[in-house]
1. Going by the conditions given, is Thr130 of a type outside the set (A, V, I, L, M) and either surrounded by 18 or more Cβ atoms within 10 Å (Cβ to Cβ) or touching a helix residue (DSSP H, G or I) at 6+ places or on another chain (Cβ under 8 Å) (or both)?
2. Which residues, counting only those in the range 98-117, are among the β-branched types (Val, Ile, Thr) and surrounded by fewer than 22 Cβ atoms within 10 Å (Cβ to Cβ)?
3. Restricting to the range 121-150, name every residue that is in a helix (DSSP H, G or I), farther than 25 Å from Leu178 by Cβ and in contact (Cβ under 8 Å) with a residue 60 or more places away in the chain.
4. Within the bounds of the range 112-119, is there any residue that is β-branched (Val, Ile, Thr), farther than 30 Å from Pro58 by Cβ and part of a helix (DSSP H, G or I)?
5. Residues of the range 127-162 being among the β-branched types (Val, Ile, Thr), closer than 23 Å to Ala111 by Cα and touching a Phe, Trp or Tyr at 6+ places or on another chain (Cβ under 9 Å), which ones?
6. Does the range 178-193 include one or more residues that are under 16 Å from His97 (Cα atoms), in contact (Cβ under 8 Å) with a residue 24 or more places away in the chain and either more than 16 Å from the chain's Cα centre (by Cα) or not in a helix (DSSP H, G or I) (or both)?
7. Name every residue in the range 161-174 that is loosely packed, with under 13 Cβ neighbours inside 10 Å and without any contact (Cβ under 8 Å) to a residue 24 or more places away in the chain, in order of residue number.
8. Any residue at all in the range 58-69 that is of a type in the set (Asp, Glu) and within 19 Å of Leu195 (Cβ to Cβ)?
Amino acid sequence: MSADTLVMPRRLPPVEPSAPVVSNTRLAMVVLIIGESMLFAGLIGGYLVFRLSGRDWPPVDQPRLPLVLTGLNTLVLLGSLVPMSRALRAIRRNAQHEAARGLAWTTLLGALFLAVQGIEWLRLVRHGLTLGSSMYGATFYVLIGCHGFHVLAAVTWLAIVAVHARRGRFDARRHAPLEMCGVYWYFVCALWAVLFPLVYLY
């Protein structure tokens, strides 16, 4: 028997699993936002096709969009970014109460934006602007309505996250749902910053 056969094989130390460069949560949010961006790119492209091919836009027999009211409502939505940003900074400092307060304010401002937009739509319908009244009405409700649906989903998400934050479910180390909710809220607000001048000013 040779000496080599008596030598026991050396055990290698266990390899610690390395953390992924991008977490699954962030990767899922990136995929979601890319998909949503493609959806709105298609809707905006369709809107521009009808907008540029129409001789009179809006048609002379259709009501004009309430620019002042929607402009003020835009400030409400974009202003909600302030408490959202404060909530994200607060949770990273482990200031749970401050983060919960910021989320609550963001939720309230988002709900106010939706309420004002709903009132605006009711007035437009009463004045004759409907999905079937013209291509102008159809493209307006599809494009702005799709954004409104996304705001509604985001506000619902915000409300759920705000409740969890108030119960102390998040801290400086565990706050991925809060952070992803904030990212999606930034995305929704950025979309409106594109849609408002395109639909209401152009």
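The values are calculated or read from the model by the stated rules, or taken from the named source; none is laboratory data. Model, not experiment: these values are computed from the prediction. Glycine gets a Cβ as well: all are built from the backbone with ideal geometry, and neighbour counts include every protein chain shown.
1. Yes, satisfied.
2. Within the range 98-117, just Val116 meets the criteria.
3. Result: Leu124, Met135, Tyr136, Gly137, Thr139, Phe140, Val142, Leu143, Cys146.
4. No, that holds for no residue.
5. Result: Val142, Ile144, Val151, Val155, Val161.
6. No, the range 178-193 contains no residue that is under 16 Å from His97 (Cα atoms), in contact (Cβ under 8 Å) with a residue 24 or more places away in the chain and either more than 16 Å from the chain's Cα centre (by Cα) or not in a helix (DSSP H, G or I) (or both).
7. Those that are loosely packed, with under 13 Cβ neighbours inside 10 Å and without any contact (Cβ under 8 Å) to a residue 24 or more places away in the chain: Arg167, Arg173, Arg174.
8. No, because not a single residue in the range 58-69 is of a type in the set (Asp, Glu) and within 19 Å of Leu195 (Cβ to Cβ).
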